[in-house]
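The values are calculated or read from the model by the stated rules, or taken from the named source; none is laboratory data. Keep in mind it's a predicted model, so treat the numbers as computed, not measured. Note that each Cβ is placed from the backbone with ideal geometry, even for glycine, and that neighbours are counted across all protein chains shown.
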Amino acid sequence: MLTGAASHTGRVVAVAAREGHHFSKTPSPGIRLLKGLGVAGDAHRGETVKHRSRVRRDPTQPNLRQVHLIHTELFDELHEKGFTVRPADLGENVTTAGIDLLALPTGTRLCLGMSAIVEVTGLRNPCVQIDDFQKGLMAATLDRDGEGNLIRKAGIMSIVISEGDVRPGDVIRIELPPQPHQPLQPV
């Protein structure tokens with residue numbers, strides 16, 4: 001878990017969005033984050049859930065998955081295992097570098113670019129669509145810690161707190177929530 005990370009920064013490597021429900025997204029020179037909604041022009045934009053499996057269960061649930069972030073370091077790890085994965089391939093809106101996203105506590109705020117702020121809600125729970133993209137990729141995005149607990153490495157989910165434009169090269173600043181920190185859980 002991060003401590004004293006208020007001054008820690010990372011950067012945006014790539015951004016993406018896509019209308020319609022598709023596994024991968026379309027890389028873009030910039031995206032617009034809309035407060036309380038998500039990414040302009042993206043299928044998962046909205047106040048209530050947009051992921052089809054969640055809509056079937058309860059379409060009135062709040063959308064805690066407005067913006068999906070993945071760390072580019074995961075792509076390096078997957079490459080070492082024989083997979084070819086590029087930004088937007090796994091459906092993320094923002095690809096980051098220099099931040100251990102999975103170590104952030106719930107409620108962390110990430111300030112992206114000049115004015116956009118997202119609040120981390122939890123872990124992305126990888127689904128079987130990942131294996132449709134590349135066979136064996138789902139297992140490669142899961143691991144076990146020393147105590148046998150499942151580690152989900154397919155990124156984190158967030159909601160938009162403050163709107164703004166986000167572009168590759170933008171700085172990401174971390175604002176940790178008050179203590180005690182709560183570890184990320186799947187959302």
Next on the checklist: With the structure loaded, tell me whether residue 168 is within 16 Å of the chain's Cα centre (by Cα), without any contact (Cβ under 8 Å) to a residue 40 or more places away in the chain and either surrounded by fewer than 18 Cβ atoms within 10 Å (Cβ to Cβ) or over 23 Å from residue 34 (Cα atoms) (or both) or whether it fails that test.
Outcome noted: no
Next on the checklist: Suppose we filter the stretch 77-112 for residues that are acidic (Asp, Glu), surrounded by fewer than 24 Cβ atoms within 10 Å (Cβ to Cβ) and under 13 Å from the mean Cα position of the chain (by Cα); how many remain?
Outcome noted: 2
Next on the checklist: Contact list please: Cβ distance under 8 Å, first residue in the stretch 124-135 and part of a helix (DSSP H, G or I), second residue among the charged types (D, E, K, R) and surrounded by 16 or more Cβ atoms within 10 Å (Cβ to Cβ), pairs at least six apart or on different chains.
Outcome noted: 133/89
Next on the checklist: Among the residues of the stretch 27-50, are any exposed (fewer than 13 other Cβ atoms within 10 Å of the Cβ) and under 17 Å from residue 90 (Cα atoms)?
Outcome noted: no
Checklist entry - Residues of the stretch 1-27 being outside any loop (DSSP other than H, G, I, E, B) and at pLDDT below 90, which ones? => result 5, 6, 7
Checklist entry - How many of the residues in the stretch 51-103 are within 22 Å of residue 187 (Cβ to Cβ) and assigned to a strand (DSSP E or B)? => result 9
